[in-house]
Structures are given as structure tokens and as C-alpha cells.
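The values are calculated or read from the model by the stated rules, or taken from the named source; none is laboratory data. These numbers come from a predicted model, not from an experiment. FYI the Cβ positions are ideal-geometry reconstructions off the backbone, even for glycines, and counts take in every protein chain you see. Side chains included, ligands, DNA and RNA excluded: accessible areas come from the protein's heavy atoms. Shrake-Rupley method; radii C 1.70, N 1.55, O 1.52, S 1.80 Å.
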Amino acid sequence: MMKPYPLAQIECPYAAILVATIGELMYVPVRQTYLAEIVRAEARSSYMAVNGLVMQGAKAFGALGISVGAVLPSSAMAALYFLIGMAGLVLTRVVLIRYGREKSGDAHPGQASVEA
């Protein structure tokens with residue numbers, strides 16, 4: 001008998017863990033490299049320390065999401081997660097565009113610097 005949602009019920013949870021681990025191994029070094037490149041050398045250790053708090057903030061927002069999900073309907077939670085994801089993508093794009101301009105020397109006078 002075929003299951004109604006084959007991807008929702010993974011027979012082997014180790015496969016999901018393997019995919020998540022490979023994704024993290026590709027993501028973390030790239031993220032740390034970008035972070036190290038966009039900050040001034042004398043402030044690099046401070047930025048890296050604050051960056052370590054990102055996972056703690058994610059855990060707190062995850063716990064808050066469970067509480068909010070008990071009050072809001074599932075469609076509102078889906079919309080909230082979508083908006084948060086889009087905001088993250090937009091902010092990442094803005095930082096990368098600004099970083100690219102500064103690295104190539106095309107930054108306009110009076111434009112805010114990432115290093116400030």
C-alpha cells in the first residue's frame with residue numbers, strides 16, 4: 001500500500017540527517033568566510049563572537065514559534081514563516097550587493113559602509 005505523502009514519512013531518518021549535515025558543511029565555511037571578509041580586521045573577533053549567538057537566537061525564535069503557533073491558525077504561521085524567510089533573503093542580498101560594490105571600489109560617496 002502506498003503512503004499518501006512519501007516524503008513526509010522518511011523510512012530512514014539517517015538519510016535526512018546526512019542531507020542536513022552535508023548542507024551545513026557547505027554553508028558554514030562560506031558564511032564564515034564572507035563574515036571575515038566584510039568586517040575590519042581589528043573588529044573581526046567581536047563580529048565572530050556575536051555571530052556565535054545566531055544559533056541561540058534561532059532556538060529562541062523556534063520556541064517562540066511553537067507558542068505563537070498554538071494561538072495562530074496554520075495559514076497565518078505559514079505566512080509568517082514565509083515573510084521571515086523573504087526578509088532574510090532580501091537582507092542577505094543587500095549585504096552581498098553592498099559587499100560587492102565595496103570590494104570592486106564602486107561604492108558611492110556618502111553610501112553607508114558595512115564596516116562602519
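Figures for the structure shown
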| item | result |
| --- | --- |
| Residue in the range 93-108 that is small (Gly, Ala, Ser) and at pLDDT 85 or above present | no |
| Number of the exception - LEU7 against (1) hydrophobic (A, V, I, L, M, F, W, C); (2) under 30 Å from ARG101 (Cβ atoms); (3) at pLDDT below 80 | (2) |
| Which listed residue is in a helix (DSSP H, G or I) and either in contact with a Lys or Arg (Cβ under 8 Å, 6 or more places away or on another chain) or touching a residue at least 24 places away in the same chain (Cβ under 8 Å) (or both), from GLU37, GLU24, GLU42 | GLU37 |
| Yes/no for SER67 being modelled with pLDDT of 85 or more and exposed (fewer than 10 other Cβ atoms within 10 Å of the Cβ) | yes |
| Residue satisfying all of: in the range 45-59; of a type in the set (Gly, Ala, Ser) and either in a helix (DSSP H, G or I) or within 21 Å of ARG98 (Cα to Cα) (or both); most open to solvent (accessible area, probe 1.4 Å) among these | SER45 |
| Neighbours by Cβ (under 6 Å, 6+ apart or cross-chain): first from the range 77-103, farther than 28 Å from LEU64 by Cβ; second not in a helix (DSSP H, G or I) and not small (Gly, Ala, Ser) | ARG98/VAL114 |
| Selection status of GLY85, open to solvent by less than 70 Å² (accessible area, probe 1.4 Å), out of contact with any helix residue (DSSP H, G or I) (no Cβ under 7 Å at 6 or more places or on another chain), modelled with pLDDT under 90 and part of a helix (DSSP H, G or I) | no |
| Residue match in the range 21-31 (condition: at pLDDT 85 or above, of a type outside the set (Lys, Arg), open to solvent by 70 Å² or more (accessible area, probe 1.4 Å) and over 23 Å from ARG93 (Cα atoms)) | yes |
